[in-house]
Amino acid sequence: MAEVILKPIGNFDLTVEAEAITPDNFAGKTAVEIGEILIWQAPAQAKLSEFFSVEGNGGSSAEDTTITIDGDVPRVKRIGQEMTAGKIIIKGSTGMHVGNTMAGGEIIVEGNAESWPGMEMKGGLLHIKGDTLDHVGCAYRGSWHGMTGGRIVIDGNAKNQVGGGISGGEIIIGGNVDNFCGIRMNGGLIVVKGNAVRTTAAEMTGGVMVVGGRIEKFSPGFEMEAVECDLKFDDIECAGEFMKFTGDYAIPQKGKGTLYVSYENNECL
Amino acid sequence: MAGTIAIKNGYVYDPLNEVDGEVMDIFIKNGKVVTELSAAEMKDAKEIDAKGKTVMPGGVDSHSHVAGAKVNTGRMMRPEDHYKYYQKKTPIAHSGCGYTVPSVYLGGYEYSKMGYTTVFEAAVPPMEARHTHEEMRSIPMLDMAGYLVLGNNWFLMRYLKEGDIDKAAAYVSWMMKTHKTYGIKCVNPAGVENWGWGENVSALDEANIHFEVTPEDIIKGLAEINEQLGIPMPMHLHANNLGHPGCWEITRDSLKIPKSIKAKPNTDVEWAETKMKAQRHQSVYLTHCQFNAFGGTSWRDFESGVKGITDYVNSNDHVVMDSGCVPFGDATVMTGDGPAIHDLYQLTGNKWSNTDVECECGSGVLPFTYLKSNPIHSVQWAMGLETLLYVKDAWKSIMTTDSPNGGPFTKYPQIIAWLMSNKARQDTFEECHKWASDRSGLASETREMSLSEIAIVTRANAARTTGLAHSKGTLAVGADGDVAVYDIDAKKIDVNDYESIIRGFQNASYTIKGGEVITQDGEILAIPEKNTFYSDIAIKADSEKEMLKDVKSWFKYYTIGFNNYPTPDKYLANPTPIKVNAER
Ligand SMILES: [Zn+2]
């Protein structure tokens, strides 16, 4: 497996659009050729080598290429966009839209990520070890079609609209979420180990959501069906007692999604 | 010399002038078609070699939603429609984006690339006329005009209830001038007013709330007023119950209402020397027939009801209609029919918007995707093509998608391919839901339109129907020098190779406007001057005075002042009044 190491050296005062940083794009290129790739910074295009030192050549294919970003790149956006194979390791934090519409391969972010990680993702694994902000695996603004496949794991917290419009794949949030988690969800799985604020699973018409912590304001359109213990979805396990709801019945489509809520953390329900 | 050009040796299709694919030269001098250019003029003229290519008058779209409040609502609602579909700026062209609801600049360029040179905005609510004109002014490449939405107007409904046709006519003529609009649009007559109370109307003789007028009263009244005033185009009708299974019947019955009204367009214009009579003879122009032709009684027994309408159209000569084809894929449904949008929201759960335009009309917008896997959508695809193929005389029909309701106008080349090629249709049957063949008659229809028929349904008849055939939709001497040259060899064309038809109509080899080449092979070469047409209808001074007294006293129901109501000339690009003479 060939490894390309990018070390941030440039001026990132204006954010950089780095959708060119993918194993697909680096495969078959030498370190020099990779440095020649053009990327946008605000209205101007510049060579990748103006922002990063490049060490190592790409592999023969995307699958055979690992990209390591050796540092913090919070103002670099779209890393791994549309990637189909291979691996990207970001040793620090990263900017918005990491792993946008990715279809395969693996991205590991050791720090935090800004909003929109894994937007409309189709496949592969996106693992963020720190926190992130809004729109994890969500549909683009205005669109109601979010993530369709793959897996996103956030070890820390996320904020609003996690998995908006998700129809396939899994999102696992180790910490807490804010509002509109799983809005218009129609398939797939969202597991939130911590707490949620409000409008959780609002307008859901399919799929499964699990909240292990407390939901501050429960959505009104759900009906309780049963109590279940120790949930298991393939390799994802959720220990404890859960109330099982279906919904969201507050919309004309009378959706049939499933929402599991921790019994011990939501006794008031 | 500006606007002077010779287009040589193309296969010319000019149905209004009875030219059917003959190899001819077309000469344009100072923006107008002429018989020939002198040797001296030829020296300065631009010359285009159209050998092996198809030459038609510039395309005319007589029903498209491209400008105004509802289109803009569609843009604002749909960022997802924009970010993947965009065009960069060039030294002369603006950047733009939007697939089903393009930004104003992009919309103009995309029409022009397909060889279209004239487009009518299908629905201008009076209060939104200013906004509509502001957008039309910014749409490049196209001559334009807009239809004024009058089918649920409080003042008109009051006059019609009182039976005061003269005052109603005075009001319409004043409104056309005031809002710089071109023709009468009638959307779900009496029903949109009821929608303000959460109701609709479902029968032609059902009186609406408060005003107590029926759809029949309004259709009859507006059609009469239209001909009394001599408006260039027939009353333009979007019938009641649109989008409901079984609605084809009320549509057919609506078409019967103006049967005895004689068309009397009375415009004071210079007529190009066409061989055919270029004036309309119809008293009603039905829009987007497909949406008004649903059969069955529910979504379960849904089927095409097109034949019920086309049978009527084939045996009567007072009706012309456009198709409202559904080419599959993304669309944005937008209409003055607010309740129809609410029905669609309940069906789909999609995001939606609804507006009540005070004292005048309403509207709604909803994003929609037509899927080949969906049984209803597949039938709608077949129905759109049925509306064109079942009408025996192409002069009774016009090809549209009711853009962007059935799909964006950029899909026109695909629709032309389906009309010209049975193989194209059969191949689509293979891909779409079997209801398309089970619930419509299209699968056994073998008609394949000729290039001449395509020229009729995409320009000649749109121009004749709208009353602009004195200068548009033909290449007769005296017509505007608007020409489309397509890379289609009329003598070698193989309709089984329908992809080549799509390619040919997608990017015209040349689009010529007023004798100037403005696009070539999909590239924008020049931004021409554009005209905005409206009907300037003469009316007796005292009937106008009497009517205005009423309008001023009723104006208290508006939230804006009377003086701020009219659209000033400066909102129009080259305001071009069409003189309409009510005296005879
Ligand atoms: Zn329309």
Residue, most open to solvent (accessible area, probe 1.4 Å), within the range B:255-271, restricted to residues that are closer than 11 Å to B:Gln282 by Cβ and over 21 Å from the mean Cα position of the chain (by Cα): B:Lys262
Exclusive hit being over 21 Å from A:Glu114 (Cβ atoms), open to solvent by less than 10 Å² (accessible area, probe 1.4 Å) and assigned to a loop (DSSP other than H, G, I, E, B), set A:Gly28, A:Gly35, A:Gly59: A:Gly59
Positions within the range B:542-584 being open to solvent by less than 60 Å² (accessible area, probe 1.4 Å), in a helix (DSSP H, G or I), more than 28 Å from B:Asn531 (Cβ to Cβ) and not polar (S, T, N, Q), in sequence order: B:Met547, B:Leu548, B:Asp550, B:Val551, B:Trp554, B:Phe555, B:Phe562
Tally of residues being in contact with a strand residue (DSSP E or B) (Cβ under 6 Å, 6 or more places away or on another chain) and crowded, with 19+ Cβ neighbours inside 10 Å across the range B:232-247: 8
Among (1) in contact with a Phe, Trp or Tyr (Cβ under 8 Å, 6 or more places away or on another chain); (2) at negative phi - the single one B:Gly478 does not satisfy: (2)
Test result for B:Leu229, under 18 Å from B:Val149 (Cα atoms), more than 16 Å from the ligand (Cβ to nearest atom) and in contact with a strand residue (DSSP E or B) (Cβ under 8 Å, 6 or more places away or on another chain): yes
A:Gly118 away from chain B (no Cβ under 14 Å) and either in a loop (DSSP other than H, G, I, E, B) or more than 30 Å from B:Pro367 (Cα to Cα) (or both): yes
Selected residue (criterion: farthest from the other protein chains (Cβ to nearest Cβ)) from residues of the range A:238-254 that are touching a Leu at 6+ places or on another chain (Cβ under 7 Å) and closer than 15 Å to A:Gly194 by Cα: A:Cys238
Count of the range B:89-102 residues which are touching a helix residue (DSSP H, G or I) at 6+ places or on another chain (Cβ under 7 Å) and either of a type in the set (Ser, Thr, Tyr) or surrounded by fewer than 24 Cβ atoms within 10 Å (Cβ to Cβ) (or both): 6
Answer residue from the range B:71-99, given it is within 16 Å of the ligand (Cβ to nearest atom) and either without any contact (Cβ under 8 Å) to a residue 60 or more places away in the chain or over 16 Å from the mean Cα position of the chain (by Cα) (or both) and is nearest to the other protein chains (Cβ to nearest Cβ) among those: B:Gly74
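Residue by residue, here is whether (1) open to solvent by less than 10 Å² (accessible area, probe 1.4 Å); (2) within 16 Å of the ligand (Cβ to nearest atom) holds:
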position: B:Pro408; (1), (2): yes, yes
position: B:Leu419; (1), (2): yes, no
position: B:Asp427; (1), (2): no, no
position: B:Asp438; (1), (2): no, no
position: B:Asn461; (1), (2): yes, no
position: B:Ala479; (1), (2): yes, no
position: B:Asp489; (1), (2): no, no
Residues (under 18 Å from B:Ala462 (Cα atoms) and not in a helix (DSSP H, G or I)) located in the range B:301-334: B:Asp317, B:His318, B:Val319, B:Val320, B:Met321, B:Asp322, B:Ser323, B:Gly324, B:Cys325
Pairs with Cβ under 7 Å, 6+ apart, first in the range B:336-357 and within 14 Å of chain A (Cβ to nearest Cβ) and open to solvent by 10 Å² or more (accessible area, probe 1.4 Å), second assigned to a loop (DSSP other than H, G, I, E, B) and among the aliphatic types (A, V, I, L, M): B:Gly349/A:Ile251
Only listed residue being touching a strand residue (DSSP E or B) at 6+ places or on another chain (Cβ under 7 Å), within 16 Å of the ligand (Cβ to nearest atom) and either open to solvent by less than 30 Å² (accessible area, probe 1.4 Å) or not basic (Lys, Arg) (or both), chosen from B:Ala50, B:Ala67: B:Ala67
Single match in B:Asp402, B:Asp393 (criterion: within 16 Å of the ligand (Cβ to nearest atom) and touching a residue at least 24 places away in the same chain (Cβ under 8 Å)): B:Asp402
Cβ-Cβ under 7 Å pairs, at least 6 apart or on other chains, the range B:182-206 side within 12 Å of B:Gly338 (Cα to Cα), far side among the charged types (D, E, K, R): B:Val187/B:Asp337; B:Asn188/B:Asp337; B:Val192/B:Asp337; B:Gly196/B:Asp356
Residue match in the range B:112-125 (condition: at pLDDT 95 or above and open to solvent by 40 Å² or more (accessible area, probe 1.4 Å)): no
Filtered residues of the range B:358-406 (kept if outside any loop (DSSP other than H, G, I, E, B), within 15 Å of B:Val320 (Cα to Cα) and either within 14 Å of chain A (Cβ to nearest Cβ) or open to solvent by 10 Å² or more (accessible area, probe 1.4 Å) (or both)): B:Trp395, B:Lys396
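The values are calculated or read from the model by the stated rules, or taken from the named source; none is laboratory data. Because the structure is a prediction, the values reported are computed rather than measured. Because the Cβ atoms are built from the backbone with ideal geometry, glycine has one as well, and the counts that use them run over all protein chains shown. We work out accessible area using only protein heavy atoms, side chains counted, and drop any ligands, DNA or RNA first. Shrake-Rupley method; radii C 1.70, N 1.55, O 1.52, S 1.80 Å.
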